[in-house]
1. Filter the range 1-12 down to the residues that are loosely packed, with under 15 Cβ neighbours inside 10 Å and either out of contact with any Asp or Glu (no Cβ under 7 Å at 6 or more places or on another chain) or modelled with pLDDT of 65 or more (or both) and list them by number.
2. For the range 250-281, enumerate the residues that are in a loop (DSSP other than H, G, I, E, B) and of a type in the set (G, A, S).
3. All but one of (1) free of Cβ contacts under 8 Å to residues at least 40 places away in the same chain; (2) farther than 24 Å from S349 by Cα; (3) within 22 Å of the chain's Cα centre (by Cα) hold for N279; state the number of the condition that does not hold.
4. Which one is farthest from M150 (Cα to Cα) among residues in the range 57-109 that are aromatic (F, W, Y) and surrounded by 15 or more Cβ atoms within 10 Å (Cβ to Cβ)?
5. For the range 81-107, give me the residue count where each residue is over 18 Å from the mean Cα position of the chain (by Cα) and either touching a residue at least 40 places away in the same chain (Cβ under 8 Å) or over 25 Å from E196 (Cα atoms) (or both).
6. Can you find a residue that is more than 24 Å from N296 (Cα to Cα), over 24 Å from the mean Cα position of the chain (by Cα), assigned to a loop (DSSP other than H, G, I, E, B) and at pLDDT 75 or above anywhere in the range 29-52?
7. Considering each residue of the range 150-171, count those that are aliphatic (A, V, I, L, M), under 25 Å from K244 (Cα atoms) and modelled with pLDDT under 95, and give that number.
8. Name the single residue that is modelled with the lowest pLDDT among those in the range 301-327 being surrounded by 13 or more Cβ atoms within 10 Å (Cβ to Cβ) and in a helix (DSSP H, G or I).
Amino acid sequence: MKNGMIFARKTTWRSRLEIDYLDETSELKISRRQGEGIESTGLGRRLKQFNDYASKDTLGQVHAGGFLHHAILDNGDGTRTAPSQLSNAERKRRIADAWFRHFRRFPSSSENPVIQHRLVFSMSEQLHDKLVAAGISPDRVLQTTTKKMMVKFAERFHPADAIGYAYGLHHDTDNLHVHIALCPRSERGAYVGCSESRTTSAGNKNQMRYLRSWFEQENRRWEERLADPQALHEQMSHRIDADKITFAPGLSPRELEAVRSTQTAEAIRLNQLYDSIRNLETAIATKRKVRLAERNANAISRLLGKRKSRLTRTVEKVAAAVDRRSIRQMQNLLFRIKRDYRAAHQHYSRLYGFTSHAHRIPQSIAQRQLKHTL
């Protein structure tokens, strides 16, 4: 283990393009796990506290990066949809279509051309547990680390150009890891290599060594941040994605019922904070959907040649700026509430626990009332 990384490996595929392998919930991956004797029933449960920082809805999500991210935005009718608003199946379909369109633009003269490079980077269990203990989502950390690593890779080997890739986070082993499919052609058609050569005589650039070094560097930075809780809090409070990278421990339906049935100051505060988080998350999602619908409506108007007056456009720009600021303020508030909720959750757990006698009383009362009613 080195700086939070267990291993990094790469394979090059020349036979076909596979996007499904990036999706840990796809039939392809499930059948392979079964073939290797790995049980899929524990998916998402092998990592400690997984359900605290990640929803099962995020399992199997495939994401596009680099120029492929922009290539999958268009809907074909003049509108654009953010990849996060697309279903996972639709994202995978669009990524594969964009990949092959790009290959047709820049055909290879080789009889057996490279279709994709497959990369795997894994997070150590120690770093994972430190992040969870600090209230930071390991999934988000690995996702941002992957993006930074690929940006640095493009800047180093393809300056003034862009690379394309797709990736998916996997929880089906003892260590959280990311699978990356790297397109072997840049946006301008240059070959994107991913050499593992260790000798200078081979003339290769050893891109994998460069990727490993950046992955390790990002993990070192997280280790340093985690060593200073106060500095970590300051840094998190200034991040644009602070509300997403930090998480609030979830409450099961039974735990939530017990908290709401317990009339103590600690239970009331925990319940209020929990409801505030859910309400704010819903409000932010609604605002973003409204903004997306407005942008799509404007795109269709421009496509049809229906140009709005200058005054109308100015008013819409001002309104959009106000909405962006409002969403940013709501995100900051959500981060602060998550921080307070986490402290309240830890305090409540120490005092009562979620399986304590104080929680079993409301359950037994409810059961007696149900029997009496029947």
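The values are calculated or read from the model by the stated rules, or taken from the named source; none is laboratory data. None of the values given here were measured: they were computed from a predicted structure. Cβ: placed from backbone, ideal geometry, glycine included. Neighbour counts: every protein chain shown.
1. The answer is M1, F7, R9, T11.
2. Passing the criteria: G250, S252.
3. With respect to (1) free of Cβ contacts under 8 Å to residues at least 40 places away in the same chain; (2) farther than 24 Å from S349 by Cα; (3) within 22 Å of the chain's Cα centre (by Cα), N279 is out only on (2).
4. Among them, the one singled out is F103.
5. 13
6. So far as the range 29-52 goes, no, none of its residues is more than 24 Å from N296 (Cα to Cα), over 24 Å from the mean Cα position of the chain (by Cα), assigned to a loop (DSSP other than H, G, I, E, B) and at pLDDT 75 or above.
7. Residues in the range 150-171 being aliphatic (A, V, I, L, M), under 25 Å from K244 (Cα atoms) and modelled with pLDDT under 95: 1 in total.
8. If we take residues in the range 301-327 being surrounded by 13 or more Cβ atoms within 10 Å (Cβ to Cβ) and in a helix (DSSP H, G or I), then S301 is modelled with the lowest pLDDT.
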